[in-house]
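The structure appears right after this line, and notes come after that.
The values are calculated or read from the model by the stated rules, or taken from the named source; none is laboratory data. Quick caveat, the model's predicted, so the values are computed rather than measured. Because the Cβ atoms are built from the backbone with ideal geometry, glycine has one as well, and the counts that use them run over all protein chains shown.
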């Protein structure tokens, strides 16, 4: 059996955040959606070709739906999950209740990813979050008491009206709880979101580029001092608690995505499902194809994706691994690019590994583009 990752999309939320452009909706037709989702999953399981080394139940907010529906999914896939596989569920603080946490634990879910984003009430309100820091503390405490050892906390910086002092306060408070993993993302304003419109109209102001970078450097400093190893541009973990599922993406490995709008990478192809919940349900009810589009991944594109995804990791790109994957020498193809980027202070080249410098991380997208030409 081929060992791959499984992503399960639950596209429902209580309320859509102002910065969110993910495929998510206010909850509707939940039971029908879960029935359709299980039907899609069954189509993969019946082939008896895959074992899942990781499972990631994401959204949306998966914990907004009934526990029995998460249980239905877990019952279906449990015998196909590798022993000691990492099984993550995303959750927002306001959805974490004692009985649901207990149920998730009993189901075999062994990793929680909690979307806190910020400590300050005014910042949470500005970006459209409907929880408080107290909700987060309550949910986190219950999860620990239940026995969840592996907990990630998602945080965001460069939020409207956020100061460096506020970001420092958030980091220090979260570190004091000692989660095993912390993700720290800089806000990206997507044109389709209400927050983008508020910033563009001048109603809200986001930190400038220098402040954004200083927040990033502060993150490295504080989390590093508290024992969190940065292993990817935006992700930090205690020793041994790196997110195995996300490492599948960053190492450009294969995964299946199920649910409305989910993407898969399998057998040198990329394909994705229809986005709308009702269309997804209708097509599965009618035994129609739910896949909206396919792309063949040519070798050149695959090499570029492997390079830029690996360079996001602190361990960087291993030249021997590249040769083993493609049968081609990395430096035979990209030596000129590497030499230029190294001379510009953007890359480090050490024995078999190529990594981004501190300046390279600041200009990561510019570095990645150089390898695409």
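Here are the numbers for the structure shown:
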| item | result |
| --- | --- |
| Output for segment 141-176, where each listed residue is touching a helix residue (DSSP H, G or I) at 6+ places or on another chain (Cβ under 6 Å), in a helix (DSSP H, G or I) and buried (at least 17 other Cβ atoms within 10 Å of the Cβ) | 142, 143, 167, 171 |
| Among the candidates 229, 238, 200, residue that is surrounded by fewer than 16 Cβ atoms within 10 Å (Cβ to Cβ) and under 18 Å from the mean Cα position of the chain (by Cα) | 229 |
| Answer residue from segment 79-100, given it is crowded, with 23+ Cβ neighbours inside 10 Å and outside any strand (DSSP E or B) and is farthest from the chain's Cα centre (by Cα) among those | 93 |
| Residue in segment 3-11 that is modelled with pLDDT of 95 or more, surrounded by 21 or more Cβ atoms within 10 Å (Cβ to Cβ) and under 27 Å from residue 123 (Cβ atoms) present | yes |
| Filter result for residue 106 (under 24 Å from residue 141 (Cα atoms) and without any contact (Cβ under 8 Å) to a residue 12 or more places away in the chain) | yes |
| Failed criterion for residue 340 (all others in (1) under 20 Å from residue 235 (Cα atoms); (2) part of a helix (DSSP H, G or I) hold) | (1) |
| Some residue of segment 5-16 being assigned by TED's automatic domain parsing to the domain that holds residue 195 and farther than 18 Å from residue 90 by Cβ | no |
| Leading residue by the ranking (farthest from residue 271 (Cα to Cα)) among those in segment 288-300 that are in contact with a helix residue (DSSP H, G or I) (Cβ under 9 Å, 6 or more places away or on another chain) and in a loop (DSSP other than H, G, I, E, B) | 288 |
| Failed item, numbered, when residue 314 is tested on (1) within 30 Å of residue 348 (Cα to Cα); (2) buried (at least 18 other Cβ atoms within 10 Å of the Cβ); (3) touching a strand residue (DSSP E or B) at 6+ places or on another chain (Cβ under 7 Å) | (2) |
| Pair list, Cβ under 6 Å, 6 or more apart: segment 343-361 residue at negative phi, other residue assigned to a loop (DSSP other than H, G, I, E, B) and surrounded by fewer than 16 Cβ atoms within 10 Å (Cβ to Cβ) | 357/345; 359/345 |
| Residue among 308, 322 that alone is touching a helix residue (DSSP H, G or I) at 6+ places or on another chain (Cβ under 6 Å), assigned to a helix (DSSP H, G or I), over 29 Å from residue 219 (Cα atoms) and outside the structural domain of residue 39 (by TED's automatic domain parsing) | 322 |
| Residue match in segment 60-75 (condition: closer than 19 Å to residue 27 by Cβ and at pLDDT below 95) | yes |
| From 261, 257, residue being touching a residue at least 60 places away in the same chain (Cβ under 8 Å), in contact with a strand residue (DSSP E or B) (Cβ under 9 Å, 6 or more places away or on another chain) and not in a strand (DSSP E or B) | 261 |
| Answer residue from segment 267-301, given it is surrounded by fewer than 17 Cβ atoms within 10 Å (Cβ to Cβ) and touching a residue at least 40 places away in the same chain (Cβ under 8 Å) and is nearest to residue 57 (Cα to Cα) among those | 275 |
